[in-house]
Amino acid sequence: MELAVISGKGGTGKSSITAAFASLEEPMVVVDCDVDAANLFLVFNPQHDEETVYIGGEKALIDKDTCLNCGMCISYCRFDAIAFKNGKVHIIEEACDGCKLCSRVCPANAISMVPNDKSRMYAGRFRYGKMVYGRLAPGEENSGKLVNMVREKAREVAQINHIENIIIDGPPGIGCAVVSTITGTDNVVIVTEPSMSGLHDLKRSIEICRQFQLKVWVIINKYDLNKEFSQQIDEFCKANQIEVVAMLPFDVSVVEAMVQCKSIVEHNPDSEISTLIKNAYYKILQA
């Protein structure tokens, strides 16, 4: 089974729930596809067996010896990625989009394009099996491609090690990285929260999952912070034939678990929230 856990917005508790799911069986392959802000490795502290460079684009590089400091490239750069610094033309790497225009307009041919090579994909071991994740360097692009690379590696790891279940922590939103995360999965869990923005983004997530004809489950996290709104979300899901597989209460021990680099089912296995997460996972697994 490939189970992707996503959310329409950030801050819903998606990664905490994914970590809990990943702690329920072994061996397990856990995948962090939130490459823009990967954080599961902080909980599980995996041992890296492989490190792969990901090149998602190019950036401009100035040859200081050739540059005339005429400033023509500055006037053409629409991303404000070039500026004068101490009287010299300077590239702001984080802002460079790799469009190559500066290299084309430079009268001295002093600007060249070099690959962005700071992003990485890691594969290794953690305490419940295998882990694969990507980390996109600041300012680099094409996170959807890196997500696809991470997922292909996860499937390869699962096949080589004869592991049946893959748990995927997806990015928030509905962008290309989310599409790369959910494509081809067996089940998608959407984690939401009882708020207007939570319901709005839940609807967007359901819509994109339905375009791929995926089996969708919903978890309402911290439901007791606004029971009235939780009821609205539950009624919306029922009206759209989507099962709310768990309504999780707010529990400060979830934060305590993360501080200790543990999932909630490791930190407090007999708590109400741990029991609800376990029941949700095994229900999805047996569906």
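None of the figures in this text is laboratory data; all of them are computed from the coordinates on show. Everything quoted here is computed from the prediction, not taken from an experiment. Note that each Cβ is placed from the backbone with ideal geometry, even for glycine, and that neighbours are counted across all protein chains shown.
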Check: Where the only charges are on Cβ atoms (+1 Lys, Arg; -1 Asp, Glu), what is the dipole of the chain about its Cα centre, to the nearest 20 debye?
Finding: 620 debye
Next item on the list: Sort GLU207, GLU93 so that the residue with the fewest other Cβ atoms within 10 Å of its own Cβ comes first and the one with the most comes last.
Entry: GLU207, GLU93
Notebook entry, point to check: What share of the DSSP beta bridges in the chain is antiparallel, in percent to the nearest 5?
Noted result: 45 percent
Check: By per-residue mean of other Cβ atoms within 10 Å, what is the highest-first order of 129-137, 268-276?
Finding: 129-137, 268-276
Notebook entry, point to check: Picking from CYS106, ALA81, ILE92, whose Cα lies most toward the positive end of the charge dipole for segment 58-115 (charges on Cβ: Lys, Arg +1; Asp, Glu -1)?
Noted result: CYS106
Margin query: Check the chain for me: any Cys whose beta-carbon has no other cysteine beta-carbon within less than 4.7 Å?
Written below: CYS33, CYS67, CYS70, CYS77, CYS96, CYS99, CYS106, CYS176, CYS209, CYS237, CYS261
Next item on the list: Could you tell me the distance between the Cα centroids of segment 1-70 and segment 101-116, to the nearest Å?
Entry: 30 Å
Notebook entry, point to check: Residue by residue, what Karplus-based ³J(HN,Hα) values in Hz, rounded to whole numbers, does segment 243-250 have, using 6.51, -1.76 and 1.60 with θ = phi - 60° and x for Gly and Pro?
Noted result: 7, 7, 7, 6, 10, 8, x, 5
